[in-house]
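Chemist: Sharing a structure with you now.
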Amino acid sequence: NNVVISLGNNDFDNAFWNGYYMMYGNGDKQFYPLVSADVVAHELTHGLISNTADLEYEGESGALNEAFADIFGVAYEFWLYEKYNKNKNLEDDIMGDSDWFIGEDLAKIDKFLRNMLNPLEANQPKEYKGEKWFPTDKTFDNGGVHINSGVPNYLFYLICTGENPVDKNIAIKKFYECLSIHLNKKSQFKDLKDSLIKIFSDTTYVNKIKECLIQVKLVDTQP
């Protein structure tokens with residue numbers, strides 16, 4: 001209905017999307033007010049997900065849900081800093097720098113919530129079913145949705161960096177295509193892999209995508 005609703009609440013150490021609106025806490029023991037650019041974009045993306053693939057919030061589909069929210073959150077932060085800090089007007093500059101962290105500007109205790117550059121530093125896996133992988137059949141964190149999301153997070157980082165990197169603005173459009181066209185409520189990590197290969201198949205980046213998928217163990221290196 002072209003309406004975006006967000007609410008704030010005192011002494012609340014969380015931010016979330018509940019299916020209808022966003023809630024941003026003012027922070028308490030762990031966080032300062034949870035309104036940094038990446039966190040706001042993260043919660044907005046949950047709303048986007050609800051109205052596209054509507055990824056079920058458990059197991060691998062839930063981890064994809066969280067990963068897309070992180071990926072769009074980071075991409076928005078990069079876009080925001082590039083828009084305002086690289087123009088000629090110094091008066092609209094934003095403090096800080098864009099980076100591959102989630103929640104680095106609001107944590108009181110930890111340096112960040114998640115690290116897309118190296119998920120292991122945030123107790124997340126960087127490889128499918130590798131170190132730090134959480135069993136998806138467990139009840140904690142809905143089967144590790146905030147943990148196993150490190151794999152697609154790291155995948156996006158790899159795609160946008162290194163040799164022959166995909167520009168973040170191009171990459172995020174492709175990931176949106178995955179979300180809005182190819183994935184559905186029950187999609188698993190394999191479905192993300194298949195959709196990315198399909199979407200990039202007619203581009204010069206297809207080999208880059210396959211290499212990154214191999215690196216996070218979503219594609220077997222065997223022929």
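The values are calculated or read from the model by the stated rules, or taken from the named source; none is laboratory data. This is a predicted model, so every value here is computed, not measured. Don't worry about glycine lacking a Cβ; one is built from the backbone with ideal geometry, like all the others, and counts go over all protein chains shown. To get the accessible areas, we keep the full protein, side chains included, count just its heavy atoms, and leave off ligands, DNA and RNA. Shrake-Rupley method; radii C 1.70, N 1.55, O 1.52, S 1.80 Å.
Chemist: For the pairs Lys29/Lys138; Lys88/Lys168; Lys126/Lys190; Lys111/Lys173; Lys111/Lys168; Lys29/Lys126, note any where the Cα-Cα span goes beyond 20 Å.
Modeler: Checking Cα-Cα distances, Lys29/Lys138; Lys88/Lys168; Lys111/Lys173; Lys111/Lys168; Lys29/Lys126 exceed 20 Å.
Chemist: Another question, then. Under a plain spin-label model, where a point goes 7 Å from the Cα along Cα-to-Cβ, how far apart in nm are Lys129 and Lys186?
Modeler: So the two model labels end up 2.0 nm from each other.
Chemist: Let me ask something else about it. Taking every eigenvalue of the Cα gyration tensor of segment 108-223, multiplying by 5 and rooting it, what semi-axes result, largest first, whole Å? All intermediate terms of the calculation are to be shown ahead of the outcome.
Modeler: Details: eigenvalues 111, 56, 40 Å².
The answer is 24, 17, 14 Å, longest axis first.
Chemist: Between Leu90, Leu213, Leu48, where does the largest GNM mean-square fluctuation fall for the chain, given springs only between Cα atoms within less than 10 Å?
Modeler: Leu90
Chemist: Also: Which whole number of Å³ per residue matches the convex hull of the alpha-carbon atoms in segment 21-86?
Modeler: 106 Å³
Chemist: Run the quick spin-label model on Asp202 and Leu7: label points 7 Å from Cα toward the beta carbon, then report their separation in nm to one decimal.
Modeler: Once both label points are built, they end up 4.6 nm from each other.
Chemist: On the principal axes of its Cα set, how long, how wide and how thick is the chain? Give whole Å, largest value first.
Modeler: Taking max minus min along each principal axis of the Cα atoms, the chain gives 55, 49, 39 Å.
Chemist: With a probe of 1.4 Å, find how much accessible area the chain has per residue, and write the answer as a whole number in Å².
Modeler: For the chain, the solvent-accessible area averages 54 Å² per residue.
Chemist: Sequence-distant or interchain residues sharing an amide H contact under 5 Å with Arg114, placed H: which?
Modeler: Ile102
Chemist: Roughly how big is the chain's charge dipole about its Cα centre, with Cβ charges of +1 (Lys, Arg) and -1 (Asp, Glu), in debye to the nearest 20? Present the calculation step by step, with values, prior to reporting the outcome.
Modeler: Working: 22 positive and 34 negative charges, 120 e Å.
Once rounded to the nearest 20, the dipole reads 580 debye.
Chemist: While we're on this one: May I ask you to list the GluC sites (Glu not before Pro) in segment 73-177 that are in a DSSP loop and have at most 13 other Cβ atoms within 10 Å of their Cβ?
Modeler: The qualifying sites are Glu131, Glu163.
Chemist: Carbon and sulfur: what percent of the chain's accessible surface (1.4 Å probe)? Mind dumping the intermediate values first?
Modeler: Numbers: 5860 of 12010 Å².
Ligands and nucleic acids excluded, carbon and sulfur reach 49 percent.
Chemist: Could you put Phe78, Phe156 in order of accessible surface area, largest first, with the 1.4 Å probe and the full protein assembly present?
Modeler: Phe78, Phe156
Chemist: Also, I was wondering about something else. Output the DSSP H helices from the chain with an along-axis C-alpha extent of no less than 18 Å and a mean Kyte-Doolittle hydropathy no less than 0.5.
Modeler: The answer, listed by residue number, is 37-50.
Chemist: Using the 2.2 N^0.38 Å rule of thumb for compact globular proteins, work out how segment 32-127 stacks up: its C-alpha Rg over that value, please.
Modeler: Working: Rg = 14.4 Å, N = 96, 2.2 N^0.38 = 12.5 Å.
That works out to 1.16 for segment 32-127.
Chemist: Continuing with the same structure: Test of understanding: in a Gaussian network model of the chain with alpha carbons linked when under 10 Å, which of Val151, Val40, Val206 would top the mean-square fluctuation ranking?
Modeler: Highest fluctuation among the options: Val206.
Chemist: Something else now. Out of all DSSP beta bridges in segment 1-148, what portion is antiparallel? Express it as a percent rounded to 5.
Modeler: Numbers: 6 of 10 bridges.
The answer is about 60 percent antiparallel.
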